[in-house]
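One structure follows; several queries about it will come next.
The values are calculated or read from the model by the stated rules, or taken from the named source; none is laboratory data. All of these numbers come straight from a predicted model, not from anything done at the bench. For neighbour counting, all protein chains shown are included, and Cβ atoms are generated from backbone atoms with ideal geometry for every residue, glycine included. Remember, those area values only see protein heavy atoms, side chains included, never the ligands or the DNA or RNA. Shrake-Rupley method; radii C 1.70, N 1.55, O 1.52, S 1.80 Å.
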Amino acid sequence: MQARQTKYIFVTGGVLSSLGKGLASASIGALMEARGLRVTFLKLDPYLNVDPGTMNPFQHGEVYVTEDGAETDLDLGHYERFTTSVLGQVNNVTAGRIYDSVLAKERRGDYLGGTVQVIPHVTDAIKERIYEAGQDVDVILVEIGGTVGDIESLPFLEAIRQFRSEVGRQHTCFVHVAPVFFLHTAGEVKTKPVQHSVKELQSVGIAPDIILCRTDRFLSKSIKAKIALFCNVDEDAVITAKDVDSIYEVPQVFHAEGLDEKIAQVLNMWTGRPDLRHWDELARVLRKPEGEITIVMVGKYVDLTESYKSLNEALVHGGVAIKTGVNIEYVDSEKLVDASVLSQADGILVPHGFGSRGVEGKIKAVQYARENKIPYLGICFGMQLAVCEFARNVAGLEGANSREVSSETQHPVIDLLPGQEEIEDKGGSMRLGAYPCVLKEGTRASEAYGEAEISERHRHRYEFNNDYREKLAEAGLVFSGLSPDGKLVEVIEIEDHPFFVASQFHPEFASKPFAPHPLFVAFTKAAKLHHGEGE
Ligand code: GLN
């Protein structure tokens, strides 16, 4: 049997950031998968952090966690949601990680006698990562973070330039994403920024095969012809990436523009036409939902909702499962003084978080949800703070808190496990990735999942403190999910409430539009019921 020849699609971006390169890559992956191909992804990030785990969400948006416990760029979330690919540590590489490995080799003496340089040592290390991530698939999408022209991106661009000569032109496809603006004062579509960014790309030796134009309108044939002429690509290689209402419409828009067909042509691949029926159905439900619910998220990073990307998507997926639109409102926990502002919520969610800022506001939100019987879902910190609230206001443990928030608390109901205190290198040292959990029969969690043993992804340092297990159970807290050895609390809930469930893990990372996560489905269902009662 002939060895599988991996095809490589490289995605770059020009002019500005936030062009939706990640979504474009995810959508191309979806189309390739719909053509029957095995797909994977690699995100190359030009910054010097070894991984985004040490960055503030305001800097970077969400840190997405993979099954194998890698802390990655949020684009990996798009990739996994749009396809069936299972990603991990090898699928996100930063300049920091590359330099870290090159410098470690240098110290080991692997380059003894040589001068260690960006070219070839750094570029070789980048190419190795691309080969490694692209094993055993038909197509790998390699997205280069940042914008063409950034100093930091240069080694990555040089590496992919060399890559094309190494594996052969017919096995690589360069897709460049750039904006096309409509200038209202002139009443015209402007193509100069695209032309300039392609020039920039050409100056480092890369000639794109396909240009994805981000616009707010479809481009006329003549505009496409102009871009094609000046950017040196085929006319049918100029694709309109028009703004859409829902990100889940992007694959169809690309397909209608002929993108997957063109890529198959560039890569000299013979595949069937894609089957997009499930995407059509999804778009239909999203466009015409039967009713709407409002979920209020009480968190700290509400000014940058990118920080809650996977949560937002998981809520939308939960809504899709019950054909209901989900309107998400954000409330800044630091500003939450009077919790009655939450009275219009059909469901309240306290998400993940770190540090003490805004904690009391979140605890108020938990209390409001519990006392007013509004469906509540707590995620990670949202679970820990639900425990604190219950301990204080139901079990009478005054001042109960997480050790992270107050080191002096009388009742550290959430605490560090032995061993965590001594950790000095903070990067990558939390409980990360998938861990098994056993659900207690007859609880809401087990009802939602419909199975006894599950596995979910984690990213936290603190845990439920078992010294309080008995006391809180007596007061009515249900420990509905535990680690298989019974030592770690994974899910809590309370009875006598329409829906009050909180998990130490992050279910949102495993939710997909075609496989909405059971906890989010159960939560949105409860919210819909609550909504109905309020009418
Ligand atoms: N800050 C908490 C911890 O480290 C919760 C983390 C989170 O919400 N992801 O345990």
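What does the charge dipole of the chain about its Cα centre add up to, to the nearest 20 debye, if the Cβ of each Lys and Arg holds +1 and the Cβ of each Asp and Glu holds -1?
1620 debye
Residues of region 374-391 with the amide nitrogen closer than 18 Å to a label point 7 Å from the Cα of Glu533, along Cα-to-Cβ, please.
374-378, by backbone N distance to the label point.
Mind jotting down the distance between the C-alpha centroids of region 240-269 and region 358-410, whole Å?
Cα centres, region 358-410 to region 240-269: 46 Å.
Report in % the part of the accessible area of region 363-444 that belongs to carbon and sulfur, leaving out ligands and nucleic acids; probe 1.4 Å.
Of the solvent-accessible surface of region 363-444, carbon and sulfur hold 43 percent.
I've got another one for you. Based on the Cβ-Cβ distance from Glu106 to Gln59, what FRET efficiency comes out when R0 is 35 Å, to the nearest 0.05?
Values: r = 29 Å, r/R0 = 0.83.
Plugging the Cβ-Cβ distance into 1/(1 + (r/R0)^6) gives 0.75.
Would you grab the residues whose amide H sits under 5 Å from the one on Phe174? Only those 5+ places off in sequence or on another chain, please, with H modelled 1.01 Å from N.
Phe10, Asp209, Ile210
Cα to Cα, under 21 Å, and not fewer than 8 places away if on the same chain: which lysines meet these conditions relative to Lys487?
Those lysines meeting the cut-off are Lys440, Lys471.
Take the Cα atoms of region 94-232, find their three principal axes, and give me the spread along each one in whole Å, biggest first.
The Cα atoms of region 94-232 stretch 61, 32, 21 Å along the principal axes, largest first.
A further question follows. Defining a contact as two alpha carbons under 8 Å apart and six or more residues distant in sequence, what relative contact order in percent does the chain show?
Details: 1110 pairs, mean separation 79.7, N = 535.
Taking the mean separation of contacting Cα pairs over the length of the chain, I get 15 percent.
Could I ask something else about it? Between Glu453 and Asp216, what is the label-to-label distance in nm when each label sits 7 Å out along the Cα-to-Cβ direction?
5.4 nm
Net charge within 13 Å of Ala228 by Cβ-Cβ distance, Lys/Arg positive one each and Asp/Glu negative one each, not counting Ala228 itself?
Net charge around Ala228: 0.
Using a 10 Å cut-off on Cβ atoms, rank the peptides 162-170, 434-442 from the highest mean neighbour count down.
Highest mean packing first, the order is 434-442, 162-170.
Quick one: net charge of Val189's neighbours, Cβ under 11 Å, K/R +1, D/E -1?
After counting each charged neighbour, the total is +3.
Mind listing the long-range amide H neighbours of Leu397? Cut-off is under 5 Å, sequence gap 5 or more, other chains count too, H placed in the peptide plane at 1.01 Å from N.
Excluding prolines and chain starts, which carry no amide H, the hits are Arg392.
Accessible area per residue, 1.4 Å probe, Å², for region 1-123: what's the number?
Solvent-accessible surface per residue comes out at 40 Å².
I would also like to ask the following. Using only alpha-carbon positions, what ratio does the radius of gyration of the chain give when scaled by 2.2 N^0.38 Å?
1.03
In whole percent, and with a 1.4 Å probe on the protein chains, what portion of the accessible area of region 1-107 is carbon and sulfur? Show your work: numbers first, answer last.
On the way: 1930 of 3820 Å².
That share works out to 51 percent.
Let me ask you something else. Please label the shape of region 371-438 as rounded, prolate or oblate, based on the square roots a ≥ b ≥ c of the eigenvalues of the alpha-carbon gyration tensor (a/c under 1.5 means rounded; beyond that, a/b larger than b/c means prolate, else oblate).
Oblate shape, in that a/c is at least 1.5 and b/c is the bigger or equal ratio.
Equivalent ellipsoid semi-axes for region 4-128, as square roots of 5 times the alpha carbon gyration tensor eigenvalues: give them largest first, rounded to whole Å.
28, 18, 14
Leaving out ligands and nucleic acids, note down the accessible area per residue over region 383-447 with a 1.4 angstrom probe, in whole Å².
Numbers: 3260 Å² over 65 residues.
Each residue of region 383-447 exposes 50 Å² on average to a 1.4 Å probe.
Sticking with this structure for a sec: Please state the relative contact order of region 371-462 as a whole percent: Cα pairs under 8 Å, 6+ residues apart?
Here the relative contact order equals 21 percent.
Express the relative contact order of region 330-417 as a whole percentage, based on alpha carbon pairs under 8 Å and six or more residues apart in sequence.
24 percent
So, one more: Taking the simple approach of a point 7 Å from Cα along Cα-to-Cβ for both Phe181 and Lys471, what is their distance in nm?
For the pair Phe181/Lys471, the computed spacing is 6.1 nm.
Solvent-accessible area of Glu421, probe 1.4 Å, all protein chains present, reported in Å² to the nearest ten, please.
130 Å²
Also, quick follow-up: Going through the cross-link list Lys127/Lys192; Lys309/Lys335; Lys224/Lys323; Lys21/Lys192, which pairs have a Cα-Cα distance over 28 Å in this structure?
Values: Lys127/Lys192 32 Å; Lys309/Lys335 22 Å; Lys224/Lys323 38 Å; Lys21/Lys192 20 Å.
Beyond 28 Å between Cα atoms: Lys127/Lys192; Lys224/Lys323.
Please compute the net charge surrounding Ser356, taking Lys and Arg as +1 and Asp and Glu as -1 over other residues with Cβ under 13 Å from its Cβ. The partial results should precede the final answer.
Numbers: positive: Lys300, Arg357, Lys362, Arg403; negative: Glu334, Glu360, Glu404, Glu408.
My count for the surroundings of Ser356 gives 0.
Another question about this same structure. Based on the alpha-carbon gyration tensor of region 186-276 and its eigenvalue square roots a ≥ b ≥ c, which shape applies: rounded if a/c is under 1.5, prolate if not and a/b is larger than b/c, or oblate?
oblate
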